[in-house]
Amino acid sequence: MRRTLFSLLLQERRLYSWEAFCVHFAAAAGELVRETGRRRLASASVARTTFDRWASGDWYGRPRAEAAEILERMFGYSVDVLFSPAAGAVSMTRSSSEAAATIGRRWSTSRLLLPTSEPVGIWELTGRQTLDGTAAAVRFLPASRHGERVDLQGSGEEELQALEQFLRPARRGFLVGVEELDNDHRLYILDTAPVRRAVEPAVSEKAVSIPAAYLLDDLTYGILWALTQLDDGLLADDQALDAEWRVLGTYLALPRSAPSRLFLDMTSVGTSWMGSAFCAQHIQQQLHDATEVPIFWTREQSGEEAAPWLFFRHKIEYLQRLERFNDSTSPSSRVFCIPEASVARSERYERVLLFLAIALMEQYGIRVRVMGKPEYADVDGVALVPGQRAVVANWVRVRGEALWAASTTTSRGDLRTYTAAFGDAQDADVLSGPDPEARLKSLAQYLDIDWGWLTRRCRELGEHGVSGLVRPRSRLLTVDAVDDVLSFLGTLVPDR
């Protein structure tokens, strides 16, 4: 038997006992007496046996007269709705727990901590190798989909007030909509930042409407997982990064540098940003007078390592400044060494992030090559100007405790070594095809990602943008490039 909305609301409000219910019932009656002057309302009551029957979910024997009026005031629904089978209404106590468990099962880097009988809790996100982990507030709400929009709805005035209180703080927070299906549920995600300033309109309309494209899956989870950790890490190090950035010019004047991270009290994200920002400047400085098109080798092998390409603002500016080398007749190329073992130990959301980073480069006109030979996994990050010089710039998996390892060499032996590595990469390239679409299809196959699913979801998400899903707060991050690459991939959706 499907339970009534009344019985489910009792659970959500933790009115488990007749005594607790009577306190709230009397308070609602008092409010009506003061508003209407009808003193008979104060004498209305609900017997213990009647309460127990209603609380069990029985919808027979509905309340009448004053009792009905008071219950409608308490819960914000008519008696007919309260004591009918709950249909689309769900117990958010139960649904929240089930949704939290679902997220934990699907993504091993997530854990949701919910107090007993509450749809509000903490969402813990953990890194794998380089990200530090963080946590955000989370609130679950019933969701109902209408075409391409999803309404996240509260249940009654009290629930709407609780939602307003949840949205008000300036902390990082997410709303998770739970759409009940026959034997399962779908989850939709929304950063609280876009709706925080519209709290009052949201409450007055009794629903927060979001795009159905914000469905929580490997695409949206990967973006949320990476961006949230990058954002919180950079915010934690904001003052230290500002101070250290002022001395980077000193290192740029040196022929080689490898400063120790042990002297910096920063998160892993903060030190990664420092290494990445320095290496980008170092390469640009050393290539300013290059007369030949350079070729690049990058050390990222996982979505976690590649995420900065998607979100660090200086990485996007770096790609834009190097566009002068991306001539269509003789484009610049960039090599990734991604061994099959690295693919096998990555979850799909991480592989999606890696795919997006490579697709971004193809969008910029860079010819990307991917090789799987593990013996090349530790080749330096390098920009090679054929026959002239090699600009070394390592900040990913740097040996020892260095922030980065940067230098420039014109040694013939070094140039021959790097040239041979690039030659082998060309011969062993797993990305086949004459254009970006063909190469990215082969990349999706190598990373074991369904091409049709990915391009369709990129199109859906690209139409609405990422900032509603998860919004960066650090000035050092941007989602512009992610929006661009999502739209780019969306144009490659297979014909139906």
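The values are calculated or read from the model by the stated rules, or taken from the named source; none is laboratory data. Since the model is a prediction, treat every value here as computed from it, not as a measurement. Cβ sites come from the backbone with ideal geometry, for glycine too, and all protein chains shown count toward neighbours.
Considering Leu234, Leu230, Leu187, the condition of being assigned by TED's automatic domain parsing to the domain that holds Arg475, at pLDDT 95 or above, closer than 23 Å to Glu347 by Cβ and among the aliphatic types (A, V, I, L, M) is satisfied by Leu230 alone. Of Thr291, Thr267, which residue is over 14 Å from Trp404 (Cα atoms) and at pLDDT below 90? Sole residue among the options that is over 14 Å from Trp404 (Cα atoms) and at pLDDT below 90: Thr291. Scanning region 262-282 for residues that are of a type outside the set (Gly, Ala, Ser) and under 23 Å from Arg475 (Cα atoms) turns up Leu264, Asp265, Met266, Thr267, Val269, Thr271, Trp273, Met274, Phe278, Cys279, Gln281, His282.
The sole residue among Glu292, Glu317 that is among the acidic types (Asp, Glu) and over 24 Å from Thr409 (Cβ atoms) is Glu317. Across region 441-496, the qualifying residues are those that are out of contact with any Phe, Trp or Tyr (no Cβ under 9 Å at 6 or more places or on another chain), of a type in the set (A, V, I, L, M, F, W, C) and part of a loop (DSSP other than H, G, I, E, B), and the one among them that is surrounded by the fewest Cβ atoms within 10 Å (Cβ to Cβ) is Val493.
Scan region 442-452 and tell me whether some residue there is modelled with pLDDT under 95 and among the polar types (S, T, N, Q). For region 442-452, residues modelled with pLDDT under 95 and among the polar types (S, T, N, Q): absent.
For region 415-439, a residue qualifies if it is part of a helix (DSSP H, G or I) and either in contact (Cβ under 8 Å) with a residue 24 or more places away in the chain or not assigned by TED's automatic domain parsing to the domain that holds Pro259 (or both), and the qualifying residues are Leu415, Tyr418, Thr419, Ala421, Phe422, Asp424, Ala425, Gln426, Pro436, Glu437, Arg439.
Each residue in region 294-330 was checked for being more than 19 Å from Ala405 (Cα to Cα), among the basic types (Lys, Arg) and surrounded by 20 or more Cβ atoms within 10 Å (Cβ to Cβ), and 0 pass. Screening Ala290 with (1) touching a residue at least 60 places away in the same chain (Cβ under 8 Å); (2) surrounded by fewer than 21 Cβ atoms within 10 Å (Cβ to Cβ); (3) part of a helix (DSSP H, G or I) gives one miss only, at (3).
Checking each residue in region 260-287 for being over 23 Å from Arg389 (Cα atoms), in contact with a strand residue (DSSP E or B) (Cβ under 8 Å, 6 or more places away or on another chain) and assigned to a helix (DSSP H, G or I) picks out Arg261, Trp273. The single condition among (1) of a type in the set (Lys, Arg); (2) surrounded by fewer than 16 Cβ atoms within 10 Å (Cβ to Cβ); (3) modelled with pLDDT under 90 that Arg149 does not satisfy is (3).
Could you list all residues from region 232-259 that are of a type outside the set (Phe, Trp, Tyr) and in contact with a strand residue (DSSP E or B) (Cβ under 6 Å, 6 or more places away or on another chain)?
We begin by selecting, within region 232-259, every residue of a type outside the set (Phe, Trp, Tyr); these are 232-244, 246-250, 252-259.
Across region 232-259, the qualifying residues are Asp232, Arg256, Ser257, Ala258.
Let's see how each residue does on (1) surrounded by fewer than 17 Cβ atoms within 10 Å (Cβ to Cβ); (2) assigned to a loop (DSSP other than H, G, I, E, B); (3) within 42 Å of the chain's Cα centre (by Cα); (4) assigned by TED's automatic domain parsing to the domain that holds Leu160:
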residue	(1), (2), (3), (4)
Leu15	no, yes, yes, no
Val23	yes, no, no, no
Ala27	yes, no, no, no
Arg34	yes, no, no, no
Leu41	no, no, no, no
Thr50	yes, no, no, no
Arg53	yes, no, no, no
Pro63	no, yes, no, no
Ala67	no, no, no, no
